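What follows is calculated from the coordinates using simple rules that are stated; it is not laboratory data. The model shown is predicted, which means the values in this text are computed figures rather than measured ones. Positions of Cβ are backbone-derived with ideal geometry, glycine not excepted, and every protein chain shown enters the neighbour counts.
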Amino acid sequence: MSDALHLGSDLAGFLVSLFALWLAKRPPSATLTYGYYRAEVVGALISVLIIWLITGILIYEGVQRIINRNYELKPLWMLITAIVGVIFNLVMGTVLHCGIERCKIPHGHSHGSDTEVIIENDVLSSNNNNHDNNNSENENQEPIIVENSKKKNINVNAALIHVIGDFVQSCGVLIASIIILLRPEYKIADPICTFIFSIIVLFTTITVLKDIIVVFMEGSPNRNRIILMERDLRSNSSVLSVHDLHIWALTTTRLVASVHLVVGSEQDYVSVEKFATKLLKEKYGMSKTTVQIDVFNSECDVCRTL
């Protein structure tokens, strides 16, 4: 019973993941200006809810069977279903693992199409197109590692964790069916197996659920990132102050950053913009960045704190 339900939940989760991946590729619209990226997160949430629903049903049924002492089982069918479950989960796990490898961020190299630069009290607002201008400069510098390059697509990852949990559960049902075939008096092994492996499956969802909450709360997956980012921005001698630095996640693999930088002279506009954009995109892997440059002004509330 438990293995059959988990096979059904696996199939449902797999279909949800495929649909969410397709939806996430749709272009932005006037309403959804960032696009449909968060369909991945919604898909992951639905997968987790499916797991919880199926697990709740299984635990309830298991408790009822123990209370009513209803242990009518067909161990041979249990064995066949468990074997099918193991094979099915192995195939799905392989497919999803390959999907995750393709969904990793390949690099954080800036192509400039997702950067907005704002110069306060001036007329300089543009998409960053400094890629070509920085090529020769980049060649002479040490490689910069994107910190979130190993982050995985949360939707596919949720489905993979689901499959891994069910694979373990299928192995448990396989063991229980063999025990019951050999010792028919131990039929209580089926509901006990259901309890044990249902708890295991629930624990596998904790990490994904944390990531989902962080994304929906407009948080950053790495709390130390903003501290290091501010330190690196301040390392430029032309930057007098860093304020209103924000990082939030569209998905676990797509981060957005915005920052205000105070410079001492209008002559520092371009150099500081290039520095900040390159830092945010190439070192910290930001998918989209907005850099606002403020010129030092003693009458400015922020600048007066310098």
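Points worth noting:
- Loop-resident sites, segment 217-274, for GluC sites (Glu not before Pro), counting at most 14 other Cβ within 10 Å (DSSP): Glu218
- Length gained when the stretch Ile83-Asp232 is fully extended (0.36 nm per residue, less Cα-Cα span): 48.2 nm
- Kirkwood Rh and Cα Rg combined as Rg/Rh, segment 202-267: 1.15
- Counting beta carbons within 10 Å around each of Ser198, Ser170, Ser237, Ser220 and listing the fewest first gives the order Ser237, Ser220, Ser198, Ser170.
- Spacing of the two label points (7 Å from each Cα toward its C-beta) at Phe203 and Leu182, in nm: 2.5
- The stretch between Glu266 and Ile66 holds 64.3 nm of extra length on full extension. This uses 0.36 nm per residue minus the Cα-Cα distance.
- Neighbour-limited loop hits for trypsin sites (Lys or Arg not before Pro), segment 192-246 (at most 12 other Cβ within 10 Å; DSSP other than H, G, I, E, B): Arg223
- Entries in Lys187/Lys210; Lys25/Lys210; Lys210/Lys278 that, when Cα-Cα distance is taken, lie over 26 Å: Lys187/Lys210; Lys210/Lys278
- Counting only Cβ charges, +1 for Lys and Arg and -1 for Asp and Glu, the dipole size of segment 192-297 around its Cα centre is about 380 debye.
- Dipole of segment 158-266, positive direction: furthest Cα of Ile213, Leu228, Ala189, with charges on the beta-carbon: Ala189
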